[in-house]
Each structure stands twice: as structure tokens, then as C-alpha cells.
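Down below is the structure, laid out as C-alpha cells.
The values are calculated or read from the model by the stated rules, or taken from the named source; none is laboratory data. Remember, it's a predicted structure, so these values are computed and weren't measured experimentally. Cβ placement follows ideal geometry from the backbone for every residue including glycine, while neighbour counts extend to all protein chains displayed. Each accessible area value is taken on the protein alone, full model and side chains, heavy atoms only, with ligands, DNA and RNA left out. Shrake-Rupley method; radii C 1.70, N 1.55, O 1.52, S 1.80 Å.
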Amino acid sequence: MARVFNFSAGPATLPPAVLEQAAAEMLDWHGSGMSVMEMSHRGAAFESILDDAESGLRALLAVPPGFRILFMQGGGLAENAVVPLNLSRGGAADFVVTGAWSRKSLLEAARYCDAGLAADNQEDRRRSIPPAASWRLRDGASYVHLCSNETIDGLECHELPDLAALGCTSPLVVDCSSHLASRPIDWSRVGLAFGGAQKNVGMAGLTLVFVREDLIGHALPTCPSAFDYRLVAENRSMYNTPPTYAIYIAGLVFRWLRDFRHGTLAGLPAVEQHNIEKAQLVYDAIDGSGFYRNEVAPAFRSRMNIPFFLPDERLYAPFLAEAQARGLVQLKGHKSVGGLRASLYNAMPMEGALALVGHMREFAARHG
Ligand SMILES: *Cc1c(COP(=O)(O)O)cnc(C)c1O
């Protein structure tokens, strides 16, 4: 069996150790005589799986006790509606539009509340995130939305804004779908964070929502009950059947991240340092080549998703075909921006980044 290096933006590569454990437990989970996907979500076995996943995630990201972790469905895209349905009270919400995902969030929220554009980076051709001091924040807005990693544009917010220091009392809502658990989160600056599991912490079907307790319980009457944070929280994410198998896989990934080692580091600091080094390898290969281009300002470059471009349109097909022949797959850029994109999520090993860089150097030497 040959595993490829999968640079997909999501669903994305998973740690082989997690897949192996899931395979070993597929027919008989811990002597239960059944697979996790066959279990009642109300039974003791599944309850222990959910408890384990929740406590693993809480410990990994140091989520404070004043936050609830909700295991939901619908993906980041559903949260674009679910957040305003729960938080806006039909009033105002402000959006920082730094790329394709935050633009979608603004447009979806506009169906449920007075969604305002606080800032965008059009003038800068999407190469940076405007400083928080320049955002047009409205008094009394129910929340401020920020996508902390723009998956398509390859922009990452490396330090969350301190809205309180700017005199803004609205909670910050963070779409962290594509860099969840790749680095710590400063919870003192966040009211709510959400993200799908399929990029960095597991498989499709599970959406994680971290929500400060005071923001729960204000859903609009039109909010579907299965998406009402109060009902989900009161029922410990079992108001209706949760995505049981996806929760189990995420729990295995949280353990894998907890035990991750890099140099002298362990756990999330090791994961973060590993991610920094992998991304640096690829950015260095781009910048030092005089051949490849990435246009994002260095201070805002994403560690997770690296879009890059070739000097000649005709080179994309051979670049991708030769990469594929080397077991480097899913490197095509998003259709809206074209070019190439390497996603280097938590489970991408250093060897994958090195193999990609090797291919890039060799290809540039032949075509540059
Ligand atoms: C992938 C992604 C989403 C959407 O996730 P779905 O699970 O497809 O709904 C939302 N926001 C960001 C930043 C993403 O990367």
C-alpha cells in the first residue's frame, strides 16, 4: 500500500495512526461487539467517546470553563446562518471581509440581520488584513465576524484583535475552520469560534462551535431548534443525533495532537512549531525561486494554505502531472483564484513538505 502526500484543502489528510486505530476498532469497539457507527448515541459507550473528545479538545486548546463546546452539523457554511440566528437578535453585526469565506459569511448573515461591512482588503488586492483600529465598528453591534484563516486566499490572522482595547464591546466571532487546533487561540479576545472538523481535526460531518456562555439563549424564534445553541448546549450536543462517527474520529485526532512531539516540544506547542516549519520550507522555496509567486504580504501568510502561481499558464498541467507521479496530490488551486495551492494541515508530515519543495525546485530548474 502506498499513501500519497495529500495537499487537499479539505477534506484533508489524516494521521495514519488515527486511521489505523479506527480500522482496528471498526468491527468491535473496545469489546462492545459493534462499530462506533452502529452504537446508540444514548448509550454509555458513545457517551464515553463524546466525553473523551470534549475533554481532549478542551485540554488541547485550553478552552476556559466559561465556554461551551458544541458538536454540531452543517459545516462552516451552516454557521454563517446559525451564528446570526443565535447572536444577532435581528440587529446589527459587522463583518471584516478579507477573502472568499468572510464574503460568504457577510452575504448569508444579511438574510437574518443588518450585516455591515466593517472593512475589506480589496484595495490591497487581498494581500493583507486591515488593522483592527481601521475597522468601522458600530456601537451595539451584536458581534464582529472575522475569518482568521482565509483558506482560498491564503491569508491568516496571526494575532486576534483585542476589540475591548478599541472600545468595542461586541463579541468577536471567529471562523477558524481551516486552522483550528493548528495553534493556540486567545480566548480572552473571542466570543464564539467555529469550524468544520474535516480540515485539521478529522472528517466531514462534524462542526465544532466554541461559545461563551452569555451568548447562548438569544436565538431568534425562526432559528431551527436543532441549531439553537441553548438547546444544543442544554442537551450536551445530543438534542438530536450527533455525527457520532465523526466525533469518535475527532477524539482520536485530539489524542494524537496531545501526544504530538516536535524537538523538545509536546502537544499543541509542538504542533504549532511543526506547522511553522513546514510552511516556512514552502514559502522559502517560493521566494527563493524567482519562478514561483505568492502575493500575500509576509505578515499575513497562512501556515495552512499556500496559494502559489507559475510564470506561464502552460506550466500548470505538467507541474500537476509530475507532482501526481511523485505521489503529491490535490495541488490545484481553488477555481476562483486559479494557480496552485498546498494545504499543510496538522497531519501533513515534514516529509510531505520536503517532497513538495523537492518537486518545486526540480521543476523550476527544468522550466525556469
Ligand atoms: C471550508 C471552510 C468553510 C466551509 O466549511 P463547510 O464544512 O464546507 O461548510 C467555511 N469557512 C472556512 C474558512 C473554510 O475554510
Given the chain, longest segment not containing exposed loop GluC sites (Glu not before Pro) (DSSP; at most 12 other Cβ within 10 Å): 160-368
Listed residues A270, F7, F254: farthest to the positive end of the dipole of the chain (Cβ charges): F7
Rh (Kirkwood; distinct C-alpha pairs) - the chain, Å: 21.4 Å
Largest-first ordering by accessible area, 1.4 Å probe, given options R258, R341: R258, R341
Rounded to 5, percent antiparallel among DSSP beta bridges of the stretch 156-275: 70 percent
Proximal lysines relative to K278, as straight alpha-carbon distance under 27 Å, when same-chain residues fewer than 8 apart are discounted: K199, K332, K335
Largest-first ellipsoid semi-axes for the stretch 173-294, taking √(5λ) over the Cα gyration tensor eigenvalues, angstrom: 33, 17, 14
Compactness relative to 2.2 N^0.38 Å, alpha carbon Rg of the stretch 227-317: 1.64
Span-like helix ranges in the chain, DSSP H, alpha carbon extent 20 angstrom or more, Kyte mean at least 0.5: 244-258
DSSP-assigned coil residues among trypsin sites (Lys or Arg not before Pro) in the stretch 81-166, each with at most 15 further Cβ atoms within 10 Å: R89, R111, R125, R136
Charge context of L257, other residues only, Cβ under 13 angstrom, K/R +1, D/E -1: +3
Apportionment of accessible area to carbon and sulfur, the stretch 111-171, percent (1.4 Å): 45 percent
